[in-house]
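Colleague: Could you have a look at this structure, given as structure tokens, before my questions?
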Amino acid sequence: MQLFDSHCHLEDAKFDVDRQQVIQNMQEAGVKYCTCAGSDIASSEAIQNLSREYPFVFSACGVHPHEAETVEEGYLERLEKLAAFERCVAIGEIGLDFYYDNSPRDIQKKVFEEQMELAYRLNKPTILHVRDAHGAAIEMLTDRKQRLSGGILHCYSGSKESAKTYLDLGFYISFAGSLTFKNAKNLQAAAKYIPSDRLLIETDSPYLTPVPKRGQRNEPANVRHVCEFLAEIRETTVQFVAESTFENACRVYGIAY
């Protein structure tokens, strides 16, 4: 059985003390590939360096909505150069976060729109971060549905109804450790609804550690717990979820398998 952690942050400082061990743990757990998503230019560059060192680590470059207010002039040109790297498989993570509102909403929308346009021009899928902003995100995506390059709703937090709209717009839906939490009944209902050919799993590590590891630092090896939980609630086998989510991740990221 091989797994694909479709979204993690191995460049995060929380891994500085034992990154090599974390990568070894990932391989021993059967995680063949992972994609690390950038949150700003600096992290996107760090991820690219990791991807050069480890060929099973794919990169994505982008500016997170938290960082939208701090983008510098010329950031899109820098992202375009990063996106030219052969193992850069997506523009992300980008989107809207109205929960923390670390950047003003109008600036979040502007930077999100600019990066969606860049992804469309480069024919790269997008990795979307949407928290407490599904209505606004769906409106923006629908308004430009003729200029979407597809991609992933990462660490999905929306409803079954919103998921249907994202699917209709051509997106894949990815679930993280939050799916395993006791209070995640609505999220679990959405996870049961997603067609098997549009479903992904991730860790978003070092964050959102799944049960039974909750309370510890998360790492890519723990994606197997998300896989197991998803198989349980969808009443299918772990092998089927592992295989289908692996193939789906390779497909959306354009990776030969």
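Colleague: For a quick check: with amide H placed at 1.01 Å from N, whose amide H comes under 5 Å from GLY151's, ignoring anything fewer than 5 positions away on the same chain?
Modeller: THR126, TYR172
Colleague: Please go through region 133-224 and write out the trypsin sites (Lys or Arg not before Pro) that DSSP classes as loop and that have at most 11 other C-beta atoms within 10 Å.
Modeller: LYS182
Colleague: With a 1.4 Å probe and all protein chains in place, put TYR99, TYR54 in order of accessible area, largest first.
Modeller: Numbers: TYR99 115, TYR54 30 Å².
Greatest to least solvent exposure: TYR99, TYR54.
Colleague: With respect to the cross-link table entries LYS32/LYS164; LYS145/LYS213; LYS110/LYS213; LYS124/LYS185; LYS32/LYS182, which display a Cα-Cα separation exceeding 31 Å? If you can, show how the numbers build up before the last one.
Modeller: Numbers: LYS32/LYS164 29 Å; LYS145/LYS213 39 Å; LYS110/LYS213 38 Å; LYS124/LYS185 33 Å; LYS32/LYS182 29 Å.
With Cα atoms farther than 31 Å apart: LYS145/LYS213; LYS110/LYS213; LYS124/LYS185.
Colleague: In Å, what Kirkwood hydrodynamic radius results for region 58-105 from the alpha-carbon pair distances?
Modeller: Details: mean 1/r = 0.0870 Å⁻¹.
By the Kirkwood definition, the hydrodynamic radius is 11.5 Å.
Colleague: How large is the accessible surface of THR236 in square angstrom, using a 1.4 angstrom probe and rounding to the nearest 10?
Modeller: In the full protein context, THR236 sits at about 50 Å².
Colleague: How big is the dipole moment of the chain about its Cα centre under a simple scheme where the beta carbon of each Lys and Arg is +1, that of each Asp and Glu is -1, and everything else is neutral? Debye, nearest 20, please. Before the final figure, lay out each step's value.
Modeller: Numbers: 28 positive and 37 negative charges, 154 e Å.
The calculation lands at about 740 debye.
Colleague: Where does region 28-108 land on Rg(C-alpha)/(2.2 N^0.38 Å)?
Modeller: Numbers: Rg = 13.6 Å, N = 81, 2.2 N^0.38 = 11.7 Å.
That works out to 1.17 for region 28-108.
Colleague: Give the long-range amide H neighbours of ILE201: residues separated by 5 or more places, or on another chain, with amide H under 5 Å away, using H modelled in the peptide plane at 1.01 Å from N.
Modeller: Here the answer is SER6, PHE175, since their amide H atoms fall under 5 Å of that of ILE201.
Colleague: What fraction, in whole percent, of alpha-carbon pairs in the chain exceed 24 Å separation?
Modeller: On the way: 13573 of 32896 pairs.
Looking at the chain, the distances longer than 24 Å represent 41 percent of pairs.
Colleague: In a shell of Cβ-Cβ distance under 13 Å around ILE47, excluding ILE47 itself, what net charge do Lys and Arg (+1) and Asp and Glu (-1) give?
Modeller: Details: positive: ARG19, ARG52, ARG87; negative: GLU11, ASP12, ASP40, GLU45, GLU53, GLU93.
That sum, taken over residues with Cβ under 13 Å, equals -3.
Colleague: Related question: What number in nm² do you get for region 174-257 if you take the convex hull of its Cα atoms and divide its surface by four? List each step's numbers first, then the result.
Modeller: Details: hull surface 21.2 nm².
Answer in nm², one decimal: 5.3.
Colleague: Can you compute 3J(HN,Hα) from phi for each residue in region 91-104, using the Karplus curve 6.51 cos²θ - 1.76 cosθ + 1.60 with θ = phi - 60°, rounded to whole Hz and x for Gly and Pro?
Modeller: Taking θ as phi minus 60°, the curve returns 9, x, 9, 10, x, 9, 9, 9, 7, 8, 6, 5, 10, x Hz for region 91-104.
Colleague: Return the single residue from ILE94, ILE152, ILE23 with maximal mean-square fluctuation; model: Gaussian network over the chain, springs between Cα atoms under 10 Å.
Modeller: Looking only at ILE94, ILE152, ILE23, the biggest GNM fluctuation is shown by ILE23.
Colleague: What are the semi-axes of the equivalent ellipsoid for region 72-216, taken as the square roots of 5 times the Cα gyration tensor eigenvalues, largest first, in whole Å? Provide the component values of the computation, followed by the final result.
Modeller: Numbers: eigenvalues 129, 59, 50 Å².
Calculated on Cα positions only, the semi-axes equal 25, 17, 16 Å.
Colleague: What residue among VAL71, VAL63, VAL89 shows peak mean-square fluctuation when the chain is described by a Gaussian network model with Cα springs under 10 Å?
Modeller: VAL71
Colleague: Please check the chain for the longest run free of GluC sites (Glu not before Pro) that are loop-located per DSSP (anything but H, G, I, E, B) and have at most 10 other Cβ atoms within 10 Å.
Modeller: 87-234
Colleague: Counting only protein chains, not ligands or nucleic acids, how are SER43, SER196 ordered by accessible area (probe 1.4 Å), most first?
Modeller: Values: SER43 15, SER196 45 Å².
From most accessible down to least: SER196, SER43.
The values are calculated or read from the model by the stated rules, or taken from the named source; none is laboratory data. Just so it is clear, the structure is predicted and the values come from calculations on it, not from any experiment. No Cβ is skipped: glycine too gets one built from the backbone with ideal geometry, and neighbour counts run over all protein chains shown. Surface areas here come from the heavy atoms of the whole protein model, side chains and all, with no ligands, DNA or RNA. Shrake-Rupley method; radii C 1.70, N 1.55, O 1.52, S 1.80 Å.
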